[in-house]
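Visitor: My structure is below; once you've seen it, I'll send some questions.
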Amino acid sequence: MTENDPLKPIDVATWNSGAVRLIDQRKLPAELVHLDCSSVDELWNAIKTLAVRGAPAIGVAAAYGAAMSIWASEDETPGLLTEMNAACDHLATSRPTAVNLFWALDRMKRVGAQSSGLSPADFKARILAEAEAIREEDLELSRRMGRAGAELICDGATVLTHCNAGALATGGLGTALAPVYFAHAAGKRVSVFADETRPLLQGARLTAWELKQCGVPVTVITDNMAAWAMKRGKVDLVITGADRIAANGDAANKIGTYGVALAAREHGIPFYVAAPVSTFDLSIPTGEGIPIEEREVGEVLAPRGQQWAPADVAAWNPAFDVTPGELIAALITDAGVLEPPYTESIAEAFGDTPGNG
Ligand code: MRU
């Protein structure tokens with residue numbers, strides 16, 4: 001994988017045969033297999049079950065779902081618009097926390113409304129072009145985050161990250177991992193501590209896998225080792241991704257991120273969050289308003305079908321938590337590195353962007 005040739009969690013070379021091809025992330029690292037989705041329902045299911053996951057990637061996948069919903073239809077343009085809007089509403093029910101999903105779907109709807117005067121063939125082409133644009137922009141956004149964030153990584157540094165916010169989670173090089181890839185490509189000796197990220201192990205399975213593909217040294221630790229790794233001086237900085245960032249800089253990310261941020265503050269280690277414009281939700285003043293996905297408790301009690309706890313015991317499975325902006329040293333974005341106070345720096349960077357509130 002390189003800056004110009006990223007991993008492709010979403011591949012549309014199969015579009016003309018009616019499918020979007022996904023890397024089936026549920027199967028990594030044991031197997032690298034693809035999943036062809038040929039209907040909106042199949043894409044919805046792939047998002048819901050995390051075959052495709054990570055905030056920017058689910059936005060890209062959903063945008064192609066919108067295009068897929070009308071591709072084979074023989075309706076006139078008003079009918080196509082109605083069909084596509086219904087598909088967008090359905091795709092929006094797949095997962096609640098990552099705002100990139102809603103950002104991409106709103107963008108598809110907006111372009112659909114603006115294109116309602118086109119012929120059916122031109123309408124379809126315009127909609128597909130918008131999905132393509134969202135995917136291509138994501139690659140460029142990750143390059144910008146990579147360049148900006150790499151400045152924060154010194155030669156010889158060890159970065160701790162949580163979950164997977166790499167190429168597998170985006171249409172590009174990642175968010176949190178983009179600065180690592182840029183620093184590595186620039187010849188800096190950079191290594192990564194990857195929290196395993198219970199319950200679904202995105203860190204152990206996906207972050208470790210993709211860093212290994214790229215030759216970046218990676219050490220996997222269980223989530224409960226992060227604070228001790230900091231105490232022992234093994235971590236120079238933390239970079240995570242985000243699924244939704246409120247107007248004041250509070251950032252939702254994979255469950256466990258908040259604890260990592262608390263530990264980082266205690267040890268005087270800078271905690272950064274990397275995210276593109278599509279992750280900012282300026283309609284939500286603080287993290288209190290971010291909807292947190294709760295997933296089925298089987299993921300906690302019986303991971304991958306193996307019963308680790310009594311089957312009838314109570315469990316709780318929030319998939320995300322919110323790190324308050326006060327714990328975040330800076331936000332690494334496609335508009336540069338934003339510093340506190342975030343209410344001002346975020347509004348200045350993204351306040352005029354359509355879809356950001
Ligand atoms: O449940 P997931 O695997 O979709 O959660 C993903 C994360 O929490 C990522 O850190 C976040 O989406 C940022 S991705 C660039």
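Visitor: Cβ-Cβ under 8 Å, sequence separation 6+ or interchain: first residue in region 258-281 and away from the ligand (no atom under 12 Å from the Cβ) and aromatic (Phe, Trp, Tyr), partner part of a helix (DSSP H, G or I) and open to solvent by 40 Å² or more (accessible area, probe 1.4 Å). Which pairs?
Guide: Every condition considered, the pairs that remain are Phe271/Arg265.
Visitor: While we're on this one: Kindly indicate whether Glu136 is surrounded by fewer than 19 Cβ atoms within 10 Å (Cβ to Cβ), among the charged types (D, E, K, R), closer than 24 Å to Ile332 by Cα and more than 16 Å from the ligand (Cβ to nearest atom).
Guide: yes
Visitor: Give the number of residues within region 193-207 that are within 14 Å of the ligand (Cβ to nearest atom), over 15 Å from the mean Cα position of the chain (by Cα) and outside any loop (DSSP other than H, G, I, E, B).
Guide: Qualifying residue count, region 193-207: 4.
Visitor: For region 285-307, how many residues meet the condition of being in a loop (DSSP other than H, G, I, E, B), within 19 Å of the chain's Cα centre (by Cα) and more than 24 Å from Arg26 (Cβ to Cβ)?
Guide: Summing the residues that are in a loop (DSSP other than H, G, I, E, B), within 19 Å of the chain's Cα centre (by Cα) and more than 24 Å from Arg26 (Cβ to Cβ) in region 285-307 gives 1.
Visitor: Further question on the same structure: Would you pick out the residues in region 266-311 that are over 22 Å from Gly59 (Cβ atoms), of a type in the set (D, E, K, R) and open to solvent by less than 20 Å² (accessible area, probe 1.4 Å)?
Guide: Within region 266-311, none qualify.
Visitor: Out of region 249-265, which residues are open to solvent by less than 20 Å² (accessible area, probe 1.4 Å) and part of a helix (DSSP H, G or I)?
Guide: The answer is Thr257, Val260, Ala261, Ala263, Ala264.
Visitor: Now for a different question. Test Leu177 against the stated conditions and say whether it is in contact with a Leu (Cβ under 8 Å, 6 or more places away or on another chain) and within 9 Å of the ligand (Cβ to nearest atom).
Guide: So Leu177 passes the test.
Visitor: Taking into account only those residues within region 141-195 that are charged (D, E, K, R) and open to solvent by 10 Å² or more (accessible area, probe 1.4 Å), which is farthest from Asn4 (Cα to Cα)?
Guide: Asp155
Visitor: Looking only at region 129-185, how many residues end up being within 18 Å of the chain's Cα centre (by Cα) and in a loop (DSSP other than H, G, I, E, B)?
Guide: Adding up the residues that qualify gives 10.
Visitor: Out of Ala55, Ala92, Ala61, report the one residue that is within 16 Å of the ligand (Cβ to nearest atom), more than 24 Å from Leu7 (Cα to Cα) and either of a type in the set (A, V, I, L, M) or touching a Leu at 6+ places or on another chain (Cβ under 7 Å) (or both).
Guide: That would be Ala92, the only listed residue that is within 16 Å of the ligand (Cβ to nearest atom), more than 24 Å from Leu7 (Cα to Cα) and either of a type in the set (A, V, I, L, M) or touching a Leu at 6+ places or on another chain (Cβ under 7 Å) (or both).
Visitor: Please count how many residues of region 1-56 are under 17 Å from Leu206 (Cα atoms), in a loop (DSSP other than H, G, I, E, B) and open to solvent by 30 Å² or more (accessible area, probe 1.4 Å).
Guide: Of the residues in that region, 11 qualify.
Visitor: Taking the conditions exactly as written (open to solvent by 10 Å² or more (accessible area, probe 1.4 Å), of a type outside the set (A, V, I, L, M), away from the ligand (no atom under 12 Å from the Cβ) and in a loop (DSSP other than H, G, I, E, B)), does Ser73 satisfy them or not?
Guide: Criteria met by Ser73.
Visitor: For Thr240, state whether it is touching a Lys or Arg at 6+ places or on another chain (Cβ under 7 Å), within 12 Å of the ligand (Cβ to nearest atom) and open to solvent by less than 10 Å² (accessible area, probe 1.4 Å).
Guide: When the stated conditions are applied, Thr240 does not pass them.
The values are calculated or read from the model by the stated rules, or taken from the named source; none is laboratory data. Treat the numbers as computed from the prediction; the structure is a model and nothing was measured. Quick reminder, even Gly has a Cβ in these numbers, built from the backbone with ideal geometry, and neighbours come from all protein chains shown. These accessible areas exclude ligands, DNA and RNA; they are computed on the full protein's heavy atoms, side chains included. Shrake-Rupley method; radii C 1.70, N 1.55, O 1.52, S 1.80 Å.
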